[in-house]
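> Pasting a structure here, questions to come.
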Amino acid sequence: GYGLANMEWMIPAAPDTKFRIASISKQFTAMAILRLHEDNLLDVQDSICLYLEECPETWQNISINHLVTHTSGIPDYAGQIDIRLLNQPSFSRRYVLDIFRDLPLHFSPGEDWEYSNSGYFLLALIIEAASGQSYERFLQDTFFEPLHMTNTGVDHPGGVIGNRAEGYS
């Protein structure tokens, strides 16, 4: 690493600095969905409503595959709020879901493409429902631990993580 991990304290980035990787984590989420599909714990063509509680009527025809490929039509919650607020420990899943759950779809599922953090938020919930584990535990057990990825994990904004870089904009 190079540059500063923390500008206030002038702490340099180093090889063991832990960075928030944000949307790069989508590859792990997609990989987890494919593993669950491979293990017959879900089918990527299933309606997302098989795995989500209180699923709106407008989501009935949205498949897991639509979420993975950004073709669901579900609006991106990142466009609805200041994304930095999501790093606050007080934000609940329910709060995030309520931001976009009742919004109209931007297009019919499969008819267009639009990048959507909302879809990957829902995929994490589907991973939990299909696996019976938390999203974090599933990733740890399935990928990070077996592959000896000891410096990779799920960020907890309110928690202490040694060598974590501060995010700036």
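The values are calculated or read from the model by the stated rules, or taken from the named source; none is laboratory data. On a predicted model such as this, the values are computed, not experimentally measured, just so you know. Heads up, the Cβs are rebuilt from the backbone with ideal geometry, glycines too, and the neighbour counts pull from every protein chain shown. Just so you know, the surface numbers come from the protein's heavy atoms only, side chains and all, with ligands and any DNA or RNA stripped out. Shrake-Rupley method; radii C 1.70, N 1.55, O 1.52, S 1.80 Å.
> Quick one: accessible area per residue over the chain, 1.4 Å probe, rounded to a whole number of Å²? Don't jump to the answer; show the numbers that get you there.
On the way: 10030 Å² over 169 residues.
Computed with neighbouring chains in place, this is 59 Å² per residue.
> At a 10 angstrom cut-off on C-beta neighbours, averaged per residue, how do the peptides 103-115, 65-77, 6-18 rank from highest to lowest? Let's see the in-between values first.
Details: 103-115: 14.1, 65-77: 21.7, 6-18: 11.5.
Packing order, densest peptide first, comes out as 65-77, 103-115, 6-18.
> Tell me the label-point distance for the pair E111, C55, using the 7 Å Cα-to-Cβ offset, in nm and rounded to one decimal.
2.0 nm
> Output wanted: per-residue J couplings in Hz (rounded whole) for region 99-113, from phi through Karplus 6.51 cos²θ - 1.76 cosθ + 1.60, θ = phi - 60°, x for Gly and Pro.
For region 99-113, the Karplus curve yields 5, 10, 4, 9, 6, x, 5, 6, 6, 5, x, x, 8, 7, 10 Hz.
> For region 1-47, go through all pairs of different Cα atoms, get the mean of 1/r, take its inverse, and jot down that Kirkwood value in Å.
After inverting the pairwise mean of 1/r, the radius is 13.5 Å.
> Which angle between 0 and 90 degrees, to the nearest 10, do you get for helix 117-131 versus the longest principal axis of the chain when only C-alpha atoms count?
It works out to around 80 degrees.
> Which percent of the accessible heavy-atom area of region 20-126 goes to carbon and sulfur, probe 1.4 angstrom?
Details: 2940 of 5830 Å².
Summing carbon and sulfur atoms, their accessible area is 50 percent of the total for region 20-126.
> Nearest 500 deg cm²/dmol is fine: what mean residue ellipticity at 222 nm does the chain get from its DSSP H runs of n ≥ 4 alone, each adding -39,500 (n - 2.57), divided by its residue count?
Taking each H run of at least 4 residues, the total per residue is -7500 deg cm²/dmol.
> Once both axes come from the Cα atoms, what is the angle between helix 26-38 and the longest principal axis of the chain, in degrees from 0 to 90, rounded to 10?
It works out to around 50 degrees.
> Rounded, prolate or oblate: pick one for region 24-78, where a ≥ b ≥ c are the square roots of the eigenvalues of its C-alpha gyration tensor, a/c under 1.5 means rounded, and failing that, prolate if a/b is larger than b/c, else oblate.
Details: a/c = 2.05, a/b = 1.20, b/c = 1.70.
Oblate shape, in that a/c is at least 1.5 and b/c is the bigger or equal ratio.
> Apply the a/c threshold of 1.5 to the C-alpha gyration tensor of region 36-169 and tell me whether it is rounded, prolate or oblate.
Oblate shape, in that a/c is at least 1.5 and b/c is the bigger or equal ratio.
> Cα atoms only: what Rg and Dmax, in Å, come out for region 107-159?
So, for region 107-159, Rg and Dmax equal 14.3, 41 Å respectively.
> Moving on. Using the Cα centre as the reference, give the magnitude of the dipole from point charges on the C-beta atoms of the chain (Lys, Arg: +1; Asp, Glu: -1; all else neutral), rounded to the nearest 20 debye.
That gives a dipole near 520 debye.
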